[in-house]
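Participant: Here it is, the structure in full.
The values are calculated or read from the model by the stated rules, or taken from the named source; none is laboratory data. Small disclaimer: the values here were computed from a predicted structure and weren't measured. Positions of Cβ are backbone-derived with ideal geometry, glycine not excepted, and every protein chain shown enters the neighbour counts.
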Amino acid sequence: MHRRITGKLVIATHNPGKLAEMKELLAPYGIEAVSAGELGLPEPDETGNDFRSNAAIKAIAAAQATKLPSFADDSGIVVDALDGAPGIYSARWAGPAKDFAVAMAQIERLLQERGATTPDKRTAHFVSALCVAWPDDHLEEVEARVDGTLVWPPRGTAGFGYDPMFLPNGHDRTFGEMTSIEKHGLPPLGLGLSHRARAFVKLAEICLEPR
C-alpha cells in the first residue's frame, strides 16, 4: 500500500541545483523540506548499478540518519551513440570540481570520434529515479525520462549539469535556455517537461496531497 508524505521531509542531496528543483516541486504540497547538505549528512557511496538503486541508497541513508522520511533523486543523461554513457556516472564525469563544462566537452569529443555529427546520431535521454524512504524501511519508488538530442556548442545558462546541450524533442530551446517553470513547472504553470518533473508527477499521485 502506498504511503502519504506528511510533516517534515529530508531531501537527500548535496546538489544545489537538484535541491532548488525539488523544493519548487514540493512547494504546492506544504511539505517542510530540509536538505542532507544543510543537516551536515555525509554523502553515501552510490554503489548501485542503475538509477533506481542509487536513489534508494541515498534516501535510505538519510532516513536512517535523521529518523525522518527522506526523498532522493538519482538522475543522469544516457547517450545512445556512447552505448548509454555517462548514465549513472553522469555526475562523476564532471570530476571533483563538478565542472559540467568539462563533462559536456568530453561527451562532444567522444561523439565526434564516433562520427555522431547529425541529429539522428546524437539522440539522448535524461532519466530521473525518485525514492522516498521512511525510517521503518518503507519505500516508494518511481522513474521517468525525457528524450531529445545533443547540440554543440551548449546553449543557455539556466538549469544545471548537462542542460545546455540537451534539446528536448519537440522544442527549439535547450533545457539551459528554459526558465525553471518551463523546464519543470507543473500544470497549469508549466508542462512538466523535465525527467524530474515527470517522475515527480508519478510520485505525487501516490504520496502527496495538495494543500
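Participant: So which residues in region 202-211 are outside any helix (DSSP H, G or I) and either free of Cβ contacts under 8 Å to residues at least 24 places away in the same chain or crowded, with 18+ Cβ neighbours inside 10 Å (or both)?
Facilitator: Across region 202-211, the qualifying residue is only LEU208.
Participant: Another question, then. State all residues of region 1-26 that are over 19 Å from the mean Cα position of the chain (by Cα) and not in a loop (DSSP other than H, G, I, E, B); if no residue qualifies, say none. Walk me through how you get there before you give the answer.
Facilitator: From region 1-26, those over 19 Å from the mean Cα position of the chain (by Cα) are 1-8; that's our starting set.
Across region 1-26, the qualifying residue is only LYS8.
Participant: Residues in region 82-119 that are surrounded by fewer than 18 Cβ atoms within 10 Å (Cβ to Cβ), part of a loop (DSSP other than H, G, I, E, B) and out of contact with any strand residue (DSSP E or B) (no Cβ under 8 Å at 6 or more places or on another chain): how many?
Facilitator: Total meeting the criteria: 10.
Participant: Another question, if that's okay. From the list VAL146, VAL127, pick out the single residue that is hydrophobic (A, V, I, L, M, F, W, C), closer than 21 Å to ILE11 by Cα and touching a residue at least 24 places away in the same chain (Cβ under 8 Å).
Facilitator: VAL127
Participant: Taking ASP80, is it farther than 27 Å from ALA33 by Cβ, in contact with a Ser or Thr (Cβ under 6 Å, 6 or more places away or on another chain) and of a type in the set (D, E, K, R)?
Facilitator: Details: farther than 27 Å from ALA33 by Cβ: yes; in contact with a Ser or Thr (Cβ under 6 Å, 6 or more places away or on another chain): yes; of a type in the set (D, E, K, R): yes.
Answer is yes for this residue.
Participant: Just a yes or no: is a residue in region 146-161 assigned to a helix (DSSP H, G or I), under 13 Å from SER194 (Cα atoms), under 18 Å from the mean Cα position of the chain (by Cα) and at pLDDT 95 or above?
Facilitator: Initial filter on region 146-161 (assigned to a helix (DSSP H, G or I)): none.
Scanning region 146-161 turns up no residue that is assigned to a helix (DSSP H, G or I), under 13 Å from SER194 (Cα atoms), under 18 Å from the mean Cα position of the chain (by Cα) and at pLDDT 95 or above.
Participant: All but one of (1) out of contact with any strand residue (DSSP E or B) (no Cβ under 9 Å at 6 or more places or on another chain); (2) buried (at least 23 other Cβ atoms within 10 Å of the Cβ); (3) of a type in the set (A, V, I, L, M) hold for ALA199; state the number of the condition that does not hold.
Facilitator: The one condition ALA199 does not meet is (1).
Participant: Looking only at region 66-81, which residues are farther than 22 Å from VAL151 by Cα and in a helix (DSSP H, G or I)? Can you show your working first?
Facilitator: We begin by selecting, within region 66-81, every residue farther than 22 Å from VAL151 by Cα; these are 66-74.
Answer for region 66-81, where residues must be farther than 22 Å from VAL151 by Cα and in a helix (DSSP H, G or I): just THR66.
Participant: Suppose we filter region 27-65 for residues that are free of Cβ contacts under 8 Å to residues at least 60 places away in the same chain and not in a loop (DSSP other than H, G, I, E, B); how many remain? Please lay out each step first, then the result.
Facilitator: Just the residues of region 27-65 that are free of Cβ contacts under 8 Å to residues at least 60 places away in the same chain, to begin with: 27, 32-49, 53, 57, 61, 65.
Next cut, not in a loop (DSSP other than H, G, I, E, B) only: 27, 32-35, 53, 57, 61, 65.
Qualifying residue count for the region: 9.
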